Amino acid sequence: MRGVGISDMTAPPVTDPPASDSDTTAPPDPTPVAGRSPSERLEVDAELQRLGRLLGLAPGELGYLADISSADLRALRAQITQVLFDGNGALARLGAATRLLPAALTASLTERIFGPVLAARVAGTVEPGRAVEIAARLPVDFLADVASELDPRRVAAILAAIPAPTVAAVTRVLVQRREWVAMGSFYGFLPDASIQAAMAETDAHALLQIAFVLEDKSRLSHVLEIGGSVRLGELVACAEAEGLTEQLAALAAHLTPEQAAAVTRTLSLERPARLGS
């Protein structure tokens, strides 16, 4: 993408974002437009949702970017994320300060003074073991607030160390809030035990929405393998009930041959080749 650079952007103020409305609009009809494949249209929509979540905007407010490729949207999001998470040396200093205070006091300051947005920015600068120790002293609702603001790539080691029961509790809150984008960004970084814990708190509708915005689509087949054939069947049944079978079919290129065949049979598509179109 050309004509957009970091110098043209102003980072938004550090404030709590509005409640998520990422579930108010279904994924787009995947019929190709101007040569764009169904899977690309689905990924463009997902990128707009991710970008909107990052900026605290509804996806509809970014509709003017819909003609840009998903790769360029991803690059734009990476640039903005770098500004928000790496553009201030004060964040590293705050992270270093957490080593000097008791975990209980740091947790209290994090909740009462820093708030979830700043906590998410600082998290990537905190030693993973220390971050987990602090997280254990924070309310689940606050952890869910922070989870919605995190860049998982910067806290991968922390996510891997969070106990599965905590993951389950946070997932329960995120599902209630319909924070599909936040959940879709985590599945590429959670260990299997945590994925199992999260899946246990995720109904078919939530699983379908998360699948559409899963950032690392290569993980979709593994997530469904952990859930088993029952969850795959639930996913397909939900897509049929909600009129989203074509959108689900566009995801089949990211499934194993066996999973794709199961989707094909259930959806009763005349030509299996349509799944990967």
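The values are calculated or read from the model by the stated rules, or taken from the named source; none is laboratory data. These figures come from a predicted structure and were not determined experimentally. With ideal geometry, Cβ positions are generated from the backbone for all residues, glycine too; neighbour counts draw on all protein chains shown. SASA here: full protein model, heavy atoms, side chains in, ligands and nucleic acids out. Shrake-Rupley method; radii C 1.70, N 1.55, O 1.52, S 1.80 Å.
Near A103, once Lys and Arg are set to +1 and Asp and Glu to -1 for all other residues with Cβ below 9 Å from its Cβ, the sum equals +1.
Exposure check, 1.4 Å probe, all protein chains in place: E242 carries approximately 80 Å² of accessible surface. Annotation: per residue accessible area for region 143-277 equals 41 Å², rounded to a whole number [probe 1.4 Å, protein chains only]. Whenever you get a sec, compute what percent of the accessible area on region 164-277 sits on carbon and sulfur atoms (1.4 Å probe). That share works out to 53 percent. Around the amide H of G188, modelled in the peptide plane, lie the amide H atoms of D216, all under 5 Å away and 5 or more residues distant in sequence or on another chain.
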